[in-house]
Amino acid sequence: MSKRIIVGVTGASGIDVAREVLELIADTDGFESHLVMSDSAKRTAELECTYGPDALEKAADVVYPNDRIESRIASGTFRTEGMVIVPCSMKTVAGIAGGFSDSLLLRAADVVLKERRKLVLAVRETPFNGIHLRNMKELWEMGADIMPLMMTFYNRPETIEDMVHHMACKCVERLGIEPKCFKRW
Ligand SMILES: Cc1cc2nc3c(=O)[nH]c(=O)nc-3n(C[C@H](O)[C@H](O)[C@H](O)COP(=O)(O)O)c2cc1C
């Protein structure tokens, strides 16, 4: 049976990284992606990308509407390797930190935490305010990985795609995937 990774996409900037994460999972034998997108993620995709939310859905193995709270990923009995939320908005960070699971995406993250599985939060905002920092610290203390979508230069990127790819590789390796073309130091 393939290992399942839940991919949450929210309305922060950096939807390209989500698409790359989905493609890295699709390119890895033995893994499958379970995608849930917030409404704001769909809107942000339309605004900042040359493609819409359908492109992300096509890259995923299973897609769940965010209002279907009865979906499998809402239960801890559905086994997964964990969840990556990429990009992760400050609103979603607040929702998880507050245990406010009013959507499938937030419920899935809540379940991953309660089952003590891997939760990777590719957070994106700049600058952070005190609320953001407090919420992220709380989540880090509960075991989540806080992986801000930061530019990297040490790997000598030549294009934005190189930076996107590098960041996506860093996200999926936290969940047990060894990306084929990850340029390590
Ligand atoms: C183009 C665009 C870019 C945005 N970028 C960010 C961002 O980088 N970080 C963030 O926290 N919110 C960002 N927002 C605001 C969120 O989309 C908004 O707070 C939304 O309510 C988040 O909801 P969600 O977490 O359910 O997706 C952005 C909105 C738009 C339209």
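Data overview
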| read-out | value |
| --- | --- |
| Neighbours by Cβ (under 7 Å, 6+ apart or cross-chain): first from region 1-27, charged (D, E, K, R); second within 15 Å of the ligand (Cβ to nearest atom) | D16/C49; D16/V164; R19/L56; E20/V164 |
| Filter pass, K3 being under 23 Å from H132 (Cα atoms), over 13 Å from the mean Cα position of the chain (by Cα) and open to solvent by 50 Å² or more (accessible area, probe 1.4 Å) | no |
| The lone exception for D16 - which of (1) open to solvent by 30 Å² or more (accessible area, probe 1.4 Å); (2) in a loop (DSSP other than H, G, I, E, B); (3) in contact with a helix residue (DSSP H, G or I) (Cβ under 6 Å, 6 or more places away or on another chain) it fails | (2) |
| Residues of region 127-140 satisfying the condition of being among the aromatic types (F, W, Y) and within 13 Å of the ligand (Cβ to nearest atom) | F128 |
| Hey, R124 of a type in the set (K, R), touching a residue at least 24 places away in the same chain (Cβ under 8 Å) and more than 15 Å from the ligand (Cβ to nearest atom) or not | no |
| Selected residue [touching a residue at least 60 places away in the same chain (Cβ under 8 Å) and farther than 20 Å from M1 by Cβ] from M37, M83, M136 | M37 |
| Sole exception among (1) away from the ligand (no atom under 16 Å from the Cβ); (2) farther than 15 Å from I5 by Cα for R116, by number | (2) |
| Residues being within 15 Å of the ligand (Cβ to nearest atom), surrounded by 14 or more Cβ atoms within 10 Å (Cβ to Cβ) and closer than 15 Å to K42 by Cα - total across region 57-90 | 7 |
| Considering residues of region 26-38 that are closer than 13 Å to V86 by Cβ and among the aliphatic types (A, V, I, L, M) only, the residue farthest from the ligand (Cβ to nearest atom) | L35 |
| Residue pairs meeting the criteria (Cβ under 9 Å; at least 6 apart or on separate chains; first among the acidic types (D, E), in region 42-63; second within 12 Å of the ligand (Cβ to nearest atom) and in a loop (DSSP other than H, G, I, E, B)) | E48/S13; E48/G14 |
| I146 being under 15 Å from the mean Cα position of the chain (by Cα), among the β-branched types (V, I, T) and open to solvent by 30 Å² or more (accessible area, probe 1.4 Å) | yes |
| Flag if S103 is of a type in the set (S, T, Y), within 13 Å of the ligand (Cβ to nearest atom) and open to solvent by less than 40 Å² (accessible area, probe 1.4 Å) | yes |
| Filter pass, A41 being in a helix (DSSP H, G or I) and within 16 Å of the ligand (Cβ to nearest atom) | yes |
| Any helices (runs of 4 or more DSSP H) falling wholly within region 62-180 and containing at least 2 residues that are in contact with an Asp or Glu (Cβ under 6 Å, 6 or more places away or on another chain) | 90-97, 160-173 |
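The values are calculated or read from the model by the stated rules, or taken from the named source; none is laboratory data. Worth saying up front: this structure is predicted, and the values here are computed from it rather than measured. Counting neighbours? That spans all protein chains shown, and the Cβs are built from the backbone with ideal geometry, glycine included. Ligands, DNA and RNA are stripped out before the accessible areas are found, and what is left, the full protein with its side chains, is counted by its heavy atoms. Shrake-Rupley method; radii C 1.70, N 1.55, O 1.52, S 1.80 Å.
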